[in-house]
1. Which of the helices (runs of 4 or more DSSP H) contained wholly in the range B:108-184 include at least 2 residues that are farther than 21 Å from A:Ala23 by Cβ and within 11 Å of another protein chain (Cβ to nearest Cβ)?
2. Quick check on the range B:22-32: of everything there that is within 14 Å of another protein chain (Cβ to nearest Cβ) and hydrophobic (A, V, I, L, M, F, W, C), which residue is surrounded by the most Cβ atoms within 10 Å (Cβ to Cβ)?
3. Return the residues of the range A:3-45 that are over 15 Å from B:Tyr143 (Cα atoms), facing chain B (nearest Cβ under 7 Å) and out of contact with any Asp or Glu (no Cβ under 9 Å at 6 or more places or on another chain); say none if nothing qualifies.
4. Could you please give the count of residues in the range B:55-80 that are of a type in the set (Phe, Trp, Tyr) and facing chain A (nearest Cβ under 7 Å)?
5. I'm trying to understand the selection: among the residues of the range A:1-30, which are farther than 23 Å from B:Asp61 by Cβ, assigned to a helix (DSSP H, G or I) and of a type in the set (S, T, N, Q)?
6. I'd like to verify a number: residues in the range A:76-104 that are more than 15 Å from A:Val184 (Cα to Cα) and part of a loop (DSSP other than H, G, I, E, B), how many?
7. What number of residues within the range A:30-73 are more than 30 Å from B:Glu134 (Cβ to Cβ), among the small types (Gly, Ala, Ser) and modelled with pLDDT under 85?
8. Test B:Gly92 against the criterion of being more than 10 Å from chain A (Cβ to nearest Cβ) and modelled with pLDDT under 75, and give yes or no.
Amino acid sequence: MKNREKAEILFRGLSDIDDGFLAEAEAYSAPRRRRFLLPAGIAAALLLCFSAALMLRFLSPLLLPKKENTEPQGLEQTLLSHREQTASLYTEQVEFGGDMLVWQFGDEEGYYVLPLDDPEPFLRLTGGGSPVSPEQSLSSELKIWLCTREGLVVSPQLLPSAGNTACRTLFDYRSELEPSPDFVNRLLHRLSRL
Amino acid sequence: MDDASIVALYWQRSPHATEETARKYGIMLRGMAYRLLRNPQDSEECVNDTYFAAWNGMPTDRPEHLGAYLARILRNLSIDRLRRDHRAKRGGAELLIEELTECIPSREGDVEATLENERLKEALNRFLASLDRERRVVFLRRYFYGDPINEIAARMGWSESRVKTALFRLRAGLRALLEKAELL
């Protein structure tokens, strides 16, 4: 049998299918699509997002517990907050000769001198901070030195420099560095042992 | 008027039966006939033949879906008419041979053919039942009612390419089913 004949049989065979299918095909019409629904839906969603953002913006201070300031303190803040604790370290005159950490606040004449049993860990941790601008360095309220018994002075803002031979003597014009977080932690740890 | 009332008119042998049928289904039947025959005069004749066949069929028939019942009659009449026209156009010895095949007495072959038709009908019903509603409608609108693609697309709210793709897949599905059933 040729394909055309087979197709004809198939075509004719379709006449015998159930009436229910035919009635369904006869009555079917696509559900009306409401064209405005999509843009309206998008607009509603945007409005909802906008309202939620506004609510969060204005209600969050009332609804959420106040965030405590958990930002890590800088070295200057740390040493200032330990002022009473370190009062015993305060001296008008620094006597060199041992390993020590020396710092000075801008508003004071004297120095704080913390003798170190082993300066090596502090020395290792210097130089790891981010560079500070010369203006920032000059305006800094805190000056800090690390002095070793061999005469090495790691001078303001803790940049290791073999050129510095004494307090406040700065021959190295490279950018100074902020004390690294590890250095600050180490110092805090040391201060906690006072 | 609903289908049951029109059918009741046929059963009462009321002259209004055909009138009411034409009022409710005339447009659908004329459209379908034209799509199948592509000739206004043939279409009109075919629709009238359909009314006549329905008048003769009821009683004893009591169709639940009058539209489907009429569409089926019209479709069969259209196919017969197409075949006749095709035969007439071919002419010559081929026409004579084809005419003579009608003289050959029916034997086992007819029984086999009837059984085969029954199996085909079952397979087609099974195939249609396996489809979701939309695809079933698309298939029937195309291959039963003879609707063009653009009209099917409009009816379904689909694009024409989506209708074509659906039909392609439906044909492939039907082919697989017929092969599995070892039909045709």
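The values are calculated or read from the model by the stated rules, or taken from the named source; none is laboratory data. All of these numbers come straight from a predicted model, not from anything done at the bench. FYI the Cβ positions are ideal-geometry reconstructions off the backbone, even for glycines, and counts take in every protein chain you see.
1. On the way: elements: B:108-130, B:133-143, B:149-156, B:160-180.
By residue number, B:108-130, B:160-180.
2. B:Met32
3. Result: A:Ser29, A:Arg33.
4. Adding up the residues that qualify gives 1.
5. A:Asn3
6. Applying the first criterion (more than 15 Å from A:Val184 (Cα to Cα)) to the range A:76-104 yields A:83-100, A:104.
With part of a loop (DSSP other than H, G, I, E, B) added as a condition, the list becomes A:83-86, A:92-99.
Within the range A:76-104, residues that are more than 15 Å from A:Val184 (Cα to Cα) and part of a loop (DSSP other than H, G, I, E, B) number 12.
7. Taking the range A:30-73 first, the residues more than 30 Å from B:Glu134 (Cβ to Cβ) are A:46-73.
Now drop any that are not among the small types (Gly, Ala, Ser), which leaves A:51-53, A:60.
From what's left, modelled with pLDDT under 85: A:60.
Number of matching residues: 1.
8. Values: more than 10 Å from chain A (Cβ to nearest Cβ): yes; modelled with pLDDT under 75: yes.
So B:Gly92 fits the description; yes.
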